[in-house]
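The next block holds one structure in the form of C-alpha cells; read it before the comments.
The values are calculated or read from the model by the stated rules, or taken from the named source; none is laboratory data. In this text the structure is predicted, and so the values were computed from the model without any measurement. Quick reminder, even Gly has a Cβ in these numbers, built from the backbone with ideal geometry, and neighbours come from all protein chains shown.
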Amino acid sequence: MMDIFSRHQHSCFLYLSSILVDEYGGMESLQPGLMIMLETLAHGTFTVLTLENGPRDHPDTVDDLFRLAQRFVTRAPSAFFVHPVATALFECAMVCLSLDHQEANRSVTRFFTTIIEQLLSARKVNSSLSDTAGFRDQGVVAAEELVIVHGAKLIELCLNAAIFK
C-alpha cells in the first residue's frame with residue numbers, strides 16, 4: 001500500500017490504513033510496522049499539503065490523514081507519541097485548523113480532542129494508582145511535551161478559526 005501511495009497519492013489509501021490501525025493498532029508486535037506505514041504515508045501527504053493551497057485543494061486528504069492519526073492516538077498512543085511523525089502531524093493539523101471544509105475540519109479537531117482526552121485519561125489512571133508507572137509512560141510524557149510546546153499556539157489558532165470563520 002505504501003508503494004502504491006508513493007505513486008498515486010489518493011486519500012483512499014490513508015482511509016484504508018486507518019482501518020488497519022483500527023483493527024491491529026493494539027497489537028504491540030505490529031506497531032513498529034504500522035508506525036513505518038504512518039511515517040511513509042504522512043511524509044508523502046505532507047508534500048501535497050505543503051503546496052500553495054494544499055489543504056484547501058485536498059480536503060479529503062486532510063480528512064483521511066487526521067482520521068488515520070486519530071486512530072493511532074487511540075489504538076497505539078505510546079508508539080505514536082514517541083515517534084517524530086507525531087510532532088509533524090500535530091504541526092500540520094494546526095495549519096489545517098482554518099480549513100473551511102466540514103469533514104476535514106472535524107477530523108483535525110477530533111485529532112486534537114483525542115490527544116487531550118488521552119492525556120486526561122492517563123492522569124485519571126495515575127491518580128488512582130499508588131505509583132506513577134501508569135502516567136510516566138514514555139508516550140504520555142511525549143504527548144505532554146507536545147501539548148506544552150504547542151498548546152499556546154493551538155489555542156490561538158482555535159480561537160482565530162472560531163472567531164474569523
Just wondering, is there one or more residues in region 109-119 that are surrounded by 14 or more Cβ atoms within 10 Å (Cβ to Cβ), over 25 Å from Pro59 (Cα atoms), at pLDDT below 90 and not small (Gly, Ala, Ser)? no
Could you check region 11-61 and list, in sequence order, the residues that are of a type in the set (A, V, I, L, M, F, W, C) and over 24 Å from Gly139 (Cα atoms)? Cys12, Phe13, Leu16, Val48, Leu49, Leu51
Residues in region 50-62 that are of a type in the set (A, V, I, L, M) and modelled with pLDDT of 95 or more: how many? 1
Failed criterion for Ser98 (all others in (1) under 13 Å from the mean Cα position of the chain (by Cα); (2) within 21 Å of His150 (Cβ to Cβ) hold): (1)
Report yes if some residue within region 63-84 is among the polar types (S, T, N, Q), modelled with pLDDT of 95 or more and within 18 Å of His8 (Cβ to Cβ); otherwise report no. no
So the helices (runs of 4 or more DSSP H) completely within region 1-74 holding 1 or more residues that are crowded, with 16+ Cβ neighbours inside 10 Å and of a type in the set (Gly, Ala, Ser) are 11-24, 31-49, 54-57
Take Asp137 and decide whether it is surrounded by 13 or more Cβ atoms within 10 Å (Cβ to Cβ) and at pLDDT below 95. yes
